[in-house]
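Down below is the structure, laid out as structure tokens.
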Amino acid sequence: MATMTHSAPVFGVTTLVDQEQFQDLVQRSHSLIQKILLSISDVHSSSIHIKTLKLNSTENRKMEIMASNIGIPNAPVLTVVSENFPLETSLRHMSEGLQLHRGLLNFVLPKLNNNVKMAELSNDIGDLDLQIHKMLKLIQNTAVPTPTLEPVVLRLSGEYDIQVAAHLTLVNLSNFGQDVVVSLHSMELSEEEEIDS
């Protein structure tokens with residue numbers, strides 16, 4: 001299996017990223033986010049029974065007002081590690097976004113009939129957040145306090161709102177997950193760097 005070669009990490013991150021332990025955590029995180037992204041479709045199929053709510057629909061963008069009315073907050077911005085978006089900021093935003101999506105899933109979970117797969121997805125998100133915290137601890141060489149996010153409280157007045165909230169959470173998680181993949185790629189060493197080290 002061929003390994004993609006990525007450009008070198010920038011802005012002084014190289015001394016940190018070439019640590020073997022950090023790279024192991026990046027790889028574990030990569031595996032977990034891929035597992036999460038691959039499971040979203042099954043979770044959606046098993047949890048959402050309203051046929052007009054489709055995971056990859058262009059109509060999802062039109063539901064922003066409903067998301068706001070229900071109380072679904074936006075995830076933190078996530079991008080590649082750079083001078084303007086340092087490694088620690090990227091990892092913190094990643095953790096906050098994962099905690100947000102897990103909180104949203106856990107809020108709607110008890111309100112859904114078929115929620116076993118969603119519970120498994122929530123656990124996988126928790127596992128990924130644990131890996132992110134290990135990376136934060138490694139780069140800071142100190143214990144990293146777990147940020148306490150406000151508890152998620154959605155305004156759900158009926159079955160339709162519950163379905164929409166679960167649907168939009170999965171759509172948003174899919175989008176955020178893609179950003180996590182890009183961000184993790186920017187933390188990887190390329191084969192050439194591994195040979196040089």
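The values are calculated or read from the model by the stated rules, or taken from the named source; none is laboratory data. Since the model is a prediction, treat every value here as computed from it, not as a measurement. Glycine also receives a Cβ, built like all others from the backbone with ideal geometry; neighbour counts cover every protein chain displayed.
Brief remarks follow.
- Candidates P151, P86 - the one that is touching a residue at least 40 places away in the same chain (Cβ under 8 Å) and more than 21 Å from M187 (Cα to Cα): P151
- Restricting the stretch 103-134 to residues that are part of a helix (DSSP H, G or I), free of Cβ contacts under 8 Å to residues at least 24 places away in the same chain and not hydrophobic (A, V, I, L, M, F, W, C), the residue that is surrounded by the most Cβ atoms within 10 Å (Cβ to Cβ): S122
Condition check ((1) within 21 Å of L112 (Cα to Cα); (2) at pLDDT below 95) across all residues:
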| position | (1), (2) |
| --- | --- |
| A8 | no, yes |
| E20 | no, yes |
| L32 | no, no |
| S41 | yes, no |
| H44 | yes, no |
| E59 | no, yes |
| V77 | no, yes |
| E83 | no, yes |
| L87 | no, yes |
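- Reported count of residues in the stretch 72-102, each being in a helix (DSSP H, G or I), of a type in the set (A, V, I, L, M, F, W, C) and in contact with a helix residue (DSSP H, G or I) (Cβ under 8 Å, 6 or more places away or on another chain), is 4.
- Scanning the stretch 36-56 for residues that are surrounded by 14 or more Cβ atoms within 10 Å (Cβ to Cβ) and either touching a residue at least 12 places away in the same chain (Cβ under 8 Å) or assigned to a helix (DSSP H, G or I) (or both) yields I36, L37, S39, I40, V43, H44, S46, S47, I48, L53, L55.
- Residues of the stretch 50-64 satisfying the condition of being within 16 Å of I40 (Cα to Cα) and not aliphatic (A, V, I, L, M): K54, N56, S57, N60
- Some residue of the stretch 138-159 being modelled with pLDDT of 90 or more, under 22 Å from I40 (Cβ atoms) and out of contact with any Phe, Trp or Tyr (no Cβ under 8 Å at 6 or more places or on another chain): yes
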